Amino acid sequence: MAKILIVDDSRLIVHVGKTILTKSGHEVILAQDGLAGLEAAKSEKPNLILLDLIMPVMDGYQVCEQLKEEDSTKDIPVIMLTSKAEAADKVRGLKMGALDYVTKPFDEGELVARVNIQLRLKELYEALQEKNRQLQEMANRDGLTGLYNHRYFHEHLSKDFLRARRYHESLSCVLLDIDHFKKFNDTHGHQTGDVILSTLGRLIQDSIRDSDLAARYGGEEFALILHYTDGPVAFCVAERFRRTVENHEFHEKSETLRVTISAGVATFRNEQIHDSKELIEGADKALYLAKEKGRNRVEMYGIED
Ligand SMILES: [Mg+2]
């Protein structure tokens, strides 16, 4: 069942249209001039509009044009109603975005068939859009961990950086790397290594706020974007996560395994950082320092001790 709006200045036509479509299971709302039709389209959000072209004051062409200009109504399918007695220009209506036309007086079978075809096409189109959205989402994700991938991370970070600079917001970036992961893989095998990676992905996702973004940056490297977050808070987030990993027991094939991570934090606000590339480089330098200082620790870029 769909909600259908009939806009026509003829009482007879709206009455007959309503009778036919109600009988075939649809809910029908009526408007007897263009302006009322526009209002009803906006407030009632019908699934389809049957629109008379020849009406006083505001004709169907104008209504169609305005429907197509407005975001909330532009995707509602429109079928024109044309009568043999009135010289309506069907081509002009189609150019303005109507999808089809039905001739008055109605042939019951034709009206129902044309309405149902457009409703079905709309459904298929929406399903296709949803599928595209899902594919796009998959293309942005890392298959193993479910986190965002490297490419998406960079796209996001450069946009986030511009916004942070424009609105004087804090923005931090954290790079995390599993310590001695190559040795781990050599000892336990890559499959077990993959279990560690996917579990870490879940731990990261569980520990960040909704406003933050986590990505798998490379092999055993992860990256976080922390919005509205200054250096000390970002350090705490990284340090808390480092401890979570240190205390986590990974269970695989009746073995209990442990890993540690090192992390580097960089924050925009640091005067050495002018763009998103320098933010990442800063986090990478801090990560390198954490490795040098013995691993299983967090370091901040630009703070000497
Ligand atoms: Mg008319």
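Any read-out appearing in this document is the output of simple, stated calculations on the displayed coordinates, not a laboratory observation. No experiment lies behind these values; they were computed from the predicted model shown. We place every Cβ from the backbone using ideal geometry, glycine too, and count neighbours over all the protein chains shown.
Residues whose amide H falls under 5 Å from that of residue 101, counting only those 5 or more places apart or on a different chain, are 80, with hydrogens built in the peptide plane. Taking amide H positions as placed in the peptide plane 1.01 Å from N, state which residues far from residue 28 in sequence (5 or more) or on other chains have amide H under 5 Å from it. HN-HN under 5 Å from residue 28: 4.
Our coupling estimate for the stretch 41-53, obtained by passing each phi through the Karplus curve with A = 6.51, B = -1.76, C = 1.60 and θ = phi - 60°, is 4, 6, 7, 9, 6, x, 7, 7, 10, 9, 10, 5, 8 Hz, Gly and Pro reported as x. Under 5 Å between amide hydrogens, which residues at least 5 positions from residue 179 or on another chain qualify, with H placed 1.01 Å from N in the peptide plane? Correct list: 260, 261, 262. Report, in degrees rounded to the nearest 10, the 0 to 90 angle that the Cα long axis of helix 11-23 makes with the longest principal axis of the chain. Value to nearest ten degrees: 50. Calculate, for residue 151 and residue 258, the FRET efficiency according to 1/(1 + (r/R0)^6) with r their C-beta to C-beta distance and R0 41 Å; round to the nearest 0.05. Efficiency computed from Cβ-Cβ geometry: 0.85. With helices as the sole contributors, the chain gives -16000 deg cm²/dmol at 222 nm; each DSSP H run of n ≥ 4 counts as -39500 (n - 2.57), and the sum is divided by every residue.
Computed log10 I(q)/I(0) for the chain at 0.07, 0.16 Å⁻¹: -0.51, -1.11, from the Debye equation with unit scatterers placed on every C-alpha and solvent omitted.
Which shape class applies to the stretch 33-104: rounded if a/c is under 1.5, otherwise prolate when a/b exceeds b/c and oblate if not, where a ≥ b ≥ c are the square roots of the Cα gyration tensor eigenvalues? Prolate, because a/c is 1.5 or more and a/b exceeds b/c.
Quick one: work out the % antiparallel among DSSP beta bridges in the chain, nearest 5. All intermediate terms of the calculation are to be shown ahead of the outcome.
Numbers: 23 of 46 bridges.
Expressed as a percentage, antiparallel bridges in the chain total about 50.
Contact order normalised by length for the stretch 214-305, with contacts defined as Cα pairs under 8 Å and 6 or more residues apart; what percent is it? Write out the running numbers ahead of the final one.
Numbers: 125 pairs, mean separation 23.7, N = 92.
Contact order relative to length: 26 percent.
Remark: spin-label model distance residue 132-residue 269 equals 4.1 nm, labels positioned 7 Å along the Cα→Cβ axis.
Relative contact order for the chain: 13 percent, from Cα pairs under 8 Å spaced at least 6 residues apart, divided by residue count. Annotation for the stretch 83-140: trypsin sites (Lys or Arg not before Pro) lying in DSSP loop with at most 15 further Cβ atoms inside 10 Å of their Cβ are 84.
Among rounded, prolate and oblate, which fits the stretch 124-226 when a ≥ b ≥ c are the square roots of the eigenvalues of its C-alpha gyration tensor, a/c under 1.5 means rounded, and a/b larger than b/c means prolate?
oblate
With the biggest extent put first, the Cα atoms of the stretch 150-300 measure 52, 30, 23 Å across the principal axes. Judged by the gyration tensor of its Cα atoms, with axes a ≥ b ≥ c, the stretch 1-122 is rounded; a/c sits under the 1.5 cut. Each listed q (0.14, 0.19, 0.26 Å⁻¹) maps to a log10 I(q)/I(0) for the stretch 112-159 from the Debye sum over equal C-alpha point scatterers, namely -0.53, -0.68, -0.90. Applying a DSSP loop filter and a limit of 11 other Cβ atoms within 10 Å to the chymotrypsin sites (Phe, Trp or Tyr not before Pro) in the stretch 57-156 leaves nothing. Inter-part distance, the stretch 69-95 to the stretch 263-285, computed on C-alpha centroids, equals 56 Å. As a calculated quantity, the FRET efficiency between residue 58 and residue 116 at R0 = 30 Å, using C-beta atoms, amounts to about 0.60. How tilted is helix 276-292 with respect to the longest principal axis of the chain? Cα atoms for both, answer in degrees (0 to 90, nearest 10). The helix 276-292 is inclined about 30 degrees to the chain.
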